[in-house]
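I have placed the structure first, in the form of structure tokens, so that the comments after it can refer back to it.
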Amino acid sequence: MTAIDELIRRNSELGDDLLGDRSTPEPSLHIAILTCMDARIRVFEIFGLLQGESHVLRNAGGVVTDDVIRSLALSQRKLGTREVLIVQHTNCGLNSVTEDGFKDELEAETGLRPTWAVEAFKDVNDSVRQSVQRVKRSPFLPHTDQVRGFVSDVHTGKLTEAE
Ligand SMILES: [Zn+2]
């Protein structure tokens, strides 16, 4: 059995007792949360989120890329969000690779060097600050006054604001 089979099985057992508002695609808290794809970050649990309350964007690192700006532009301009919460975390996989190291590895194996940035980082606080600045400086986003960045401890779920 594959992991997909297992998840499809679990879905088939889903009850009908999910809490939340399903009447509109506009998040009721008017917020978008960006975080890492890391499997240990239980984003709904650490913020007590209900269905319908927040957009949740995830990628490797929880870093602001062009694709994140694309989603945030739609989120703010078409779906009414006005705040952005960025959450990166301790013990992130992007902390254990380097920009050139990973690109060299891909190039050696495939003959192709990716044009995208790996977004590797040494200091997670620096990475969070950089992502906050990318949101604030984006010409495509109308709401950039409430943008804050935090580091989540993967062991406790507790947040520390990156300053
Ligand atoms: Zn991560």
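The values are calculated or read from the model by the stated rules, or taken from the named source; none is laboratory data. Quick caveat: nothing in here was measured; it's all calculated off a predicted structure. Neighbour counts run over all protein chains shown; Cβ positions are idealised from the backbone, glycine included. Each accessible area value is taken on the protein alone, full model and side chains, heavy atoms only, with ligands, DNA and RNA left out. Shrake-Rupley method; radii C 1.70, N 1.55, O 1.52, S 1.80 Å.
The candidates Ile46, Ile69, arranged from most to least accessible area with a 1.4 Å probe in the full protein assembly, appear as Ile46, Ile69.
Neighbours of Ser75, meaning other residues whose beta-carbon lies under 14 angstrom from its beta-carbon, give a summed charge of +1 when Lys and Arg score +1 and Asp and Glu score -1.
A convex hull fitted to the Cα coordinates of region 27-161 yields 115 cubic angstrom per residue.
For region 116-163 versus region 1-60, the spacing of their alpha-carbon centroids is 21 Å.
Taking all protein chains together and a 1.4 Å probe, the residues Phe47, Phe121 rank Phe47, Phe121 from largest to smallest accessible area.
Residues whose amide H falls under 5 Å from that of Leu57, counting only those 5 or more places apart or on a different chain, are Ile33, Leu34, Thr35, with hydrogens built in the peptide plane.
Of the residues Leu57, Gly101, Gly80, the one whose Cα sits farthest towards the positive end of the charge dipole of region 53-130 is Gly80 (charges of +1 on Lys and Arg Cβ, -1 on Asp and Glu Cβ, taken about the Cα centre).
Relative contact order for region 15-87 using alpha-carbon pairs under 8 Å, separation at least 6, rounded to a whole percent?
Values: 107 pairs, mean separation 32.9, N = 73.
Normalised by residue count, the contact order of region 15-87 is 45 percent.
Taking a spot 7 Å from the Cα of Ser96 along the direction of its beta carbon, which residues of region 39-70 have an amide N less than 19 Å from it? Label zone hits: 39-42, 59-63.
Its Cα centre serving as origin, the chain has a Cβ charge dipole (Lys and Arg +1, Asp and Glu -1) of approximately 540 debye. Normalised by residue number, the volume inside the convex hull of the Cα atoms of region 2-99 is 136 Å³ per residue.
Electrostatic bookkeeping for Thr144 treats Lys and Arg as +1 and Asp and Glu as -1; over the other residues with beta carbon under 14 Å from its beta carbon, the sum is +4. For region 6-27, backbone nitrogen atoms closer than 19 Å to the point 7 Å from Lys78 Cα along Cα-to-C-beta are found at 23-27.
Contact order for the chain, expressed relative to its length and based on alpha carbon pairs under 8 Å spaced 6+ residues apart, stands at 23 percent. Solvent-accessible surface (1.4 Å probe) assigned to Asp67 amounts to roughly 80 Å². Computed on region 75-163, with alpha-carbon pairs under 8 angstrom and 6+ residues apart, the relative contact order is 39 percent.
Counting only protein chain heavy atoms and rolling a 1.4 Å probe, the accessible areas of Val56, Val135 rank, largest first, as Val56, Val135.
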